[in-house]
Amino acid sequence: MTCLIDKADFDKKLVKRNLENENRKFIKETGGFFGLTGPAVEAHWKTWHTILRRQSPFLIIEYNSKRFYDMRRSVEELKVKDPRKAWKITIRQGELFDMLKRVRLGTRSPLFRYGHLDFCITSKVLLRDHQLTENLFWLAAWKNLKSPFYLDVTFSARGDGGMATSVMNEFIPSIFEATGWKTINPKQRFLGRRFINHYREPRQCAMANALYKFEKGN
């Protein structure tokens, strides 16, 4: 499920970078990070490391073996640059949800405040071929999510027949609500009742992003 994207291309994706920096502004609480950064390890670290607590993990997952080794080198370089903080970064090779299932539960409190699911394929393919429904139900029930928990999801919207709209606006919130979470739209002021936010880089295919804030119900 990991998005295979060339670092040079990512560096040119100013719309995407601006969107991620915008989403960062809605997270006021602290805690751990997990997600798919692709080769842009340092860019994501700069954006998100400020939410970490003293013992919070910064977990990066990558499926592609060649890309994993290149990214691991980037992680080691970051640890040299910033040894007091970057030691928290861990990179694991494998499928996203498989790797999350191997993470130990926090001994005092849940570990993760923010999840970054940046897929370069459509929700249609993820639902059909990658057990997205089962994996999201597992994630919503995972005891390692802090409340509130923020989930940042990106799909490719090219050729999905508009499915991303229903998946992002209705399907994902319904999964979390079925497992006891309350869904809040952090960007309601800008997007109204919808979560989906379409964007496109110049001469690139359309993408869809959504940011959720989930709180445990009473």
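Coordinate-derived values only; no laboratory data. Just so we're clear, the structure is a prediction, and the values are computed from it rather than from any experiment. Please note: Cβ atoms are built from the backbone with ideal geometry, for glycine as well, and neighbour counts cover all protein chains shown.
Kirkwood radius and radius of gyration were both taken over the C-alpha atoms of the range 22-68, and their ratio Rg/Rh is 1.00. The stretch between SER166 and GLU77, if pulled fully straight at 0.36 nm per residue, gains 28.0 nm over its current Cα-Cα span.
Would you work out the charge dipole size for the range 1-145 about its Cα centre, treating the Cβ of every Lys and Arg as +1 and the Cβ of every Asp and Glu as -1, and quote it to the nearest 20 debye? So the dipole magnitude of the range 1-145 works out to roughly 620 debye. Find the Rg to Rh ratio for the range 51-131, where Rh is the Kirkwood radius over alpha-carbon pairs and Rg uses the same atoms. With Rh from the inverse mean 1/r over Cα pairs, Rg/Rh is 1.00. Modelled spin-label separation between TYR199 and CYS120, with each label point placed 7 Å from Cα along the Cα-to-Cβ direction: 1.7 nm.
For the range 12-35, the residues whose backbone nitrogen is under 16 Å from a point 7 Å from the Cα of TRP138, taken along Cα to Cβ, are 35. Note on THR179 and SER65: the model spin-label points, each 7 Å out from Cα along the C-beta direction, lie 3.1 nm apart. Going from the residue with the fewest nearby Cβ atoms within 10 Å to the one with the most, ARG73, ARG54 rank ARG54, ARG73.
Once you reduce the range 74-123 and the range 134-209 to the center of their Cα atoms, the two points are 20 Å from each other. For the chain, the antiparallel share of DSSP beta bridges with both residues in that region comes to about 45%. With only the Cα atoms considered, the chain has a convex hull volume of 122 Å³ per residue.
Working from Cα pairs under 8 Å separated by at least six residues, relative contact order for the chain is 20 percent. Of the listed pairs LYS28/LYS213; LYS66/LYS124; LYS25/LYS46; LYS146/LYS213; LYS28/LYS216, which have alpha-carbon separations greater than 20 Å here? In this structure, LYS66/LYS124 exceed 20 Å between Cα atoms. Largest GNM mean-square fluctuation among LYS16, LYS143, LYS81, using the chain with Cα springs under 10 Å: LYS81.
Convex hull of alpha carbon positions in the range 105-180: directionally averaged projected area 5.1 nm².
Label-to-label distance for ARG54 and ARG104 is 1.8 nm, based on points extended 7 Å past Cα in the beta-carbon direction.
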